[in-house]
Structures are given as structure tokens and as C-alpha cells.
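Values quoted throughout were computed directly from the atomic coordinates according to the rules given, and no laboratory measurement underlies them. Note that the coordinates shown come from a computational prediction; the quantities given were computed from them, not determined experimentally. Positions of Cβ are backbone-derived with ideal geometry, glycine not excepted, and every protein chain shown enters the neighbour counts.
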Amino acid sequence: MWLNRSAILFQLSYKDRTNFDVLKLVCEKHKMSTEFFIQKAIGWALREYAKTNPKAVRSFVAQTVLMPLSKKEALKNLS
């Protein structure tokens, strides 16, 4: 579980250099996990990328079935 969480979070500090395709892939792969820390990581990673590209994150969240915690965390700072 911790390795999967690390895979989701590894681009956190990349900002505009984030490979969003990779981020979407790992989020898709783990989106139905019941692990709290995985869901929190998905939301955190998306929330951080939203600071650079809010439109892309909004679109991804709208088109992807995410667990409520991930969705809430991803959209936390977007109004």
C-alpha cells in the first residue's frame, strides 16, 4: 500500500512539469482502493496539480468515478 501511495505522490513538487498522463494513469489504477491513505494521496496529488492546471483537474474529476474522499480532496481549493 505504501509503495502504491508513493507512486501516486512522486510528482507532487513538479508543478507545471507534472506528467498529467502518468498522474491520471495511477489515479485510475487505484481509484477504487478502499485504503484511506491511497484515497487521500489521489486527492492530494490532484489538488496540487490543480494549482497549476485547474481546468485539467476539474475535467478529469468530472469524467472519472472517484471515491468521495479523493474527489473532495482534489477539488478542495477550486471554487
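Here are some notes:
- Dividing the mean sequence gap of close Cα pairs (under 8 Å, 6+ apart) by how many residues the chain holds gives a relative contact order of 33 percent.
- Max mean-square fluctuation residue, GNM over the chain, Cα-Cα springs under 10 Å, options Thr18, Thr34, Thr64: Thr34
- Annotation for segment 1-53: GluC sites (Glu not before Pro) lying in DSSP loop with at most 16 further Cβ atoms inside 10 Å of their Cβ are Glu35.
- With the simple model of a label 7 Å out from the Cα in the direction of the Cβ, Ser6 to Asn77 spans 2.5 nm.
- Charge-dipole axis of segment 2-75 as Lys and Arg at +1 and Asp and Glu at -1 on Cβ define it, positive-most pick from Leu3, Ala50, Phe36: Ala50
- Residue-count net charge about Glu73 - beta-carbon cut-off 12 Å; Lys, Arg +1, Asp, Glu -1: +4
- Lys, Arg +1 and Asp, Glu -1 on Cβ, resulting dipole of the chain about Cα centre, debye, nearest 20: 200 debye
- Mean projection of the Cα convex hull over all viewing directions, computed for the chain: 4.4 nm².
- Only helices enter this figure: runs of n ≥ 4 DSSP H residues, each worth -39500 (n - 2.57), summed and divided by the residues of the chain, yield -19500 deg cm²/dmol at 222 nm to the nearest 500.
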